[in-house]
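K.L.:
Before we start, here is the structure in question, set down as structure tokens.
The values are calculated or read from the model by the stated rules, or taken from the named source; none is laboratory data. Because the structure is predicted, anything quoted here is derived from the model rather than measured. Neighbour counts run over all protein chains shown; Cβ positions are idealised from the backbone, glycine included. With ligands, DNA and RNA removed, areas are computed over all heavy atoms of the protein, side chains included. Shrake-Rupley method; radii C 1.70, N 1.55, O 1.52, S 1.80 Å.
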Amino acid sequence: MAVHKIAVLAGDGIGLEVTPEAKKMLQIVGKATGASFEFEPALVGGSAIDATGEPLSDATLSLCEHSDAILFGAVGGPKWDKEPQERRPERGLLRLRKELDLFANLRPAKCFAMLVDASPLRREVVEGTDLMVIRELTGGLYFGEPRGREEFADGGARAINTMAYTTREIERVARVAFDVAMKRRKKLASVDKANVLIVSQLWREVVSRVADDYPAVQVEHVLVDNCSMALVQHPTHFDTLVTENTFGDILSDEAAILAGSMGMLPSASLGGKVGLYEPVHGTAPDIAGKGVANPIAAILSAAMLLKYSLNRVTDADRIEAAVLRVLEQGYRTRDIHSAGTKLVGTVQMGDLIAREVERAY
Ligand code: NAD
């Protein structure tokens, strides 16, 4: 049987606490199914700076390149805030994304029925929300040229960024989005600003062309301003969304609010040969080391790893169902705790979910 080689880059802060809980789930899947997982730990971010002087060593990059998937925690923290730009912990993650050509970022936002009251939106608006935002990650306004700043003699200045895409860049992220939509409810919203931006007109044109290859998917083109309104007015209208880098950055955070807590949100970055899976949250210095972080985002990231990198959809579904069952039983970490529910820590929550995953086989 094939060996699944997983690079485990827990990083810093609560990354070090939640990643072992995610790994635990993969170990259970391995034990229950006979699938063989090989875990290779490596340093990234601040802990890598402390050990090697840089946030991502060539050795770690090479390990990732030769793995089947990367289980990532989070990087950063006040200790390294004064490091120069090129030695900031976040550079480790940015370099990984670039070197591995991870051009599609998948962020699901699901409102769990039992957490509906944690959302700032009314129950009748948010209940049933189950979205997947796909953000183009390596192009668009973040990376387009020309970019820069010029200073004027009169003390003023002019700064410029460029939203640029090639047809190839749009087509490849569109194909990821259609493939994901096919695995979900076969509904795709492509979000742009085609009434104003020429680059969005090209985006729309290419997405429409790719749509011809996916006749089963129902496609709509939505303007980004309308989309941001619709997301808080009737989020259940949407299933899969695909959009430009900056639009995606903003919309995926907006969608995150629907799910109630940062501690619940997983993500996947896909594109090249190796996918990277990480919780959306950061290192949470305010709670790091206390054993109270919610491991569910990391655990659901492990489920995404099974689904998207290893094509083990049933195993992924079992983990998601186990999370749901433990929440139904009333267990909560501090971030999602409310009166009448049972407060547990990071490891306890991981153990409870692990037990439910075991029971599912
Ligand atoms: P954060 O996501 O770390 O924390 C924001 C708030 O959410 C905090 O109050 C935190 O306690 C809470 N929170 C986050 N995850 C939680 C969890 N699993 N369980 C319970 N509560 C949770 O964002 P921040 O405070 O803006 O950033 C802290 C550090 O993390 C910074 O150094 C930042 O650069 C870094 N960061 C890294 C990543 C990444 O590695 N991908 C992403 C975001 C931020």
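K.L.:
Pick from A321, A216, A284 the residue whose mean-square fluctuation is largest in a GNM of the chain, springs joining Cα atoms under 10 Å.
P.N.:
Maximum fluctuation in the GNM of the chain, among the listed residues, is at A216.
K.L.:
Moving on. In nm, what is the difference between 0.36 nm times the number of residues separating K183 and E150 and their Cα-Cα distance?
P.N.:
Computed gain between K183 and E150 is 7.2 nm.
K.L.:
What do you reckon, how do E21, E145, E40, E83 stack up by accessible area (1.4 Å probe), largest on top?
P.N.:
So the residues, ranked largest to smallest area, are E145, E40, E83, E21.
K.L.:
Taking the Cα centroid of region 296-360 and of region 238-279, what is the distance between the two, rounded to the nearest whole Å?
P.N.:
19 Å
K.L.:
Related question: Could you state the accessible area per residue of region 47-153 in Å², with a 1.4 Å probe and every protein chain left in place?
P.N.:
For region 47-153, the solvent-accessible area averages 50 Å² per residue.
K.L.:
Okay, which of region 250-284 sit inside 19 Å, backbone N to the point 7 Å along the Cα-Cβ direction of N161?
P.N.:
250-255
K.L.:
Another question about this same structure. Rounded to the nearest 0.05, what FRET efficiency is calculated for H237 and H337 with R0 set to 22 Å and r the Cβ-Cβ distance?
P.N.:
Working: r = 31 Å, r/R0 = 1.40.
Efficiency, rounded to the nearest 0.05: 0.10.
K.L.:
Charges at C-beta only: +1 for Lys and Arg, -1 for Asp and Glu. How large is the resulting dipole of the chain about its Cα centre, in Debye rounded to 20?
P.N.:
Dipole magnitude for the chain comes out near 780 debye.
K.L.:
I've got another one for you. Could you let me know the centre-to-centre spacing of region 176-212 and region 126-147, using Cα atoms, in angstrom?
P.N.:
Here the two parts' Cα centres lie 12 Å apart.
K.L.:
Report, ordered by chain and residue number, the lysines lying within cross-link reach of K110, taken as a straight Cα distance under 24 Å and ignoring same-chain residues fewer than 8 apart.
P.N.:
Correct list for K110: K23, K24, K183, K186, K187, K307, K342.
K.L.:
Go through region 72-175 and name the trypsin sites (Lys or Arg not before Pro) that are in a DSSP coil and have 11 or fewer other Cβ atoms within 10 Å of their Cβ.
P.N.:
Working: sites: K79, K82, R87, R91, R95, R97, K98, K110, R122, R123, R135, R147, R149, R158, R168, R172, R175; in loops: K82, R122.
Those that pass, being in a loop and sparsely packed, are K82, R122.
K.L.:
Also: Select from V357, A153, L56 the residue farthest towards the positive end of the dipole of the chain; place +1 on Cβ of Lys and Arg, -1 on Cβ of Asp and Glu, and compute about the Cα centre.
P.N.:
V357
K.L.:
Classify region 251-361 as rounded, prolate or oblate, taking a ≥ b ≥ c as the square roots of the eigenvalues of its Cα gyration tensor: rounded when a/c is under 1.5, otherwise prolate if a/b is larger than b/c and oblate if not. Can you show the working numbers first?
P.N.:
Values: a/c = 1.82, a/b = 1.22, b/c = 1.49.
Since a/c reaches 1.5 but b/c is at least a/b, the shape of region 251-361 is classed as oblate.
K.L.:
Given contacts defined as C-alpha pairs under 8 Å and at least six residues apart, what's the relative contact order of region 253-298, whole-number percent?
P.N.:
Working: 47 pairs, mean separation 18.6, N = 46.
Relative contact order of region 253-298: 40 percent.
K.L.:
Here's another thing I want to ask about it. So which chymotrypsin sites (Phe, Trp or Tyr not before Pro) in region 150-253 pass both tests, a DSSP loop state and at most 16 other Cβ atoms within 10 Å of the Cβ?
P.N.:
Details: sites: F152, Y165, F178, W203, F238, F247; in loops: F152, Y165, F238.
Of the chymotrypsin sites (Phe, Trp or Tyr not before Pro), the ones in loops of region 150-253 whose Cβ has at most 16 other Cβ atoms within 10 Å are F152.
K.L.:
Moving to a separate point now. How many Å² of accessible area per residue for region 195-250, probe 1.4 Å?
P.N.:
48 Å²
K.L.:
Working out 0.36 nm times the residue gap between T246 and E40, then minus their Cα-Cα distance, what length gain in nm do you get to one decimal?
P.N.:
Net length gain for the segment: 70.9 nm.
K.L.:
Leaving out ligands, DNA and RNA, what percent of the accessible area of the chain is carbon and sulfur, probe 1.4 Å?
P.N.:
52 percent
K.L.:
What is the Rg over Rh value, at two decimals, for the chain, using alpha-carbon atoms and the Kirkwood definition of Rh?
P.N.:
0.97
K.L.:
Would you kindly state how much longer the chain becomes between K82 and R355 on full extension, computed as 0.36 nm times their sequence separation minus their alpha carbon distance, in nm to one decimal?
P.N.:
Extending this stretch completely gives an extra 94.0 nm.
K.L.:
What Rg and what Dmax come out for region 79-132 when only alpha-carbon atoms are used, in angstroms?
P.N.:
Rg then Dmax for region 79-132, in Å: 18.1, 47.
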